[in-house]
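S.K.: Below is the structure I would like to discuss, written out as structure tokens.
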Amino acid sequence: MVNPPDPASSSPSHHLLANMRQDLMRYAPFGQMAVHDVDYFLGHAAQQYYAPGELVLAPQHGPVVELLFIRQGAVTGERSGTLGAFQYDAGDLFPVGAAMASRAVTATYKATADSFILALPRESMLELATRSPAFSDFLNDRIQRFLALSRQALQATYASQALAQQSLEKR
């Protein structure tokens, strides 16, 4: 008869947890957070691996259920119908806005290198935001920064369209 695995043996060792904590604390917001809050993040996150070119997240996956932290590697996001892509690297958390709003992402995300990602369930993210002012501030600041960038892009589009319209009217 085979004994079932001991649940305690499947949790990370103290040494591994300390190494992961030290790694995370090199990045915002973890460097500003209390150690017990970083440990909460690590205790509730699951590590995932994505090979280069592998799909990480897409709009068709529906509402985001996890906040992702890139421990190693890189992920590129592309929005359909727009030019250009953007990249998240080691130390980045994404998709903050979609996770906070419990909505689908608006871009397709693929690993561009061997990527190790910590996935924190949305419920744990919300709980951590209530426990840690530094984590909450970081999430809110990210959303505000993305809103400002979106506003600038929208204004640039309108300005470009207005110039094009004026150019057509002069002909």
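The values are calculated or read from the model by the stated rules, or taken from the named source; none is laboratory data. Worth saying up front: this structure is predicted, and the values here are computed from it rather than measured. Here the Cβ is made from the backbone with ideal geometry for all residues, glycine too, and neighbour counts use every protein chain on show. We work out accessible area using only protein heavy atoms, side chains counted, and drop any ligands, DNA or RNA first. Shrake-Rupley method; radii C 1.70, N 1.55, O 1.52, S 1.80 Å.
S.K.: ³J(HN,Hα) across the range 63-80 via Karplus (A = 6.51, B = -1.76, C = 1.60, θ = phi - 60°), whole Hz, x for Gly/Pro?
M.R.: Values per residue, Gly and Pro as x: x, 5, 10, 9, 8, 10, 10, 7, 7, 8, x, 7, 10, 9, x, 9, 9, 5 Hz.
S.K.: Got a sec to turn the phi values of the range 132-139 into Karplus ³J(HN,Hα) couplings, 6.51 cos²θ - 1.76 cosθ + 1.60 with θ = phi - 60°, whole Hz, x for Gly and Pro?
M.R.: 10, x, 5, 5, 4, 4, 4, 4
S.K.: How far apart, in nanometres, would the label points at Ala113 and Glu127 be if each is projected 7 angstrom from Cα along the Cα-to-Cβ direction?
M.R.: 3.3 nm
S.K.: Under the classification rounded if a/c is under 1.5, otherwise prolate if a/b is larger than b/c and oblate if not, where does the range 10-59 fall, given a ≥ b ≥ c as square roots of the Cα gyration tensor eigenvalues?
M.R.: Values: a/c = 2.25, a/b = 1.59, b/c = 1.42.
Taking the square roots of the gyration eigenvalues as a ≥ b ≥ c, the range 10-59 is prolate.
S.K.: Counting only protein chains, not ligands or nucleic acids, how are Ser132, Ser102 ordered by accessible area (probe 1.4 Å), most first?
M.R.: Descending order: Ser102, Ser132.
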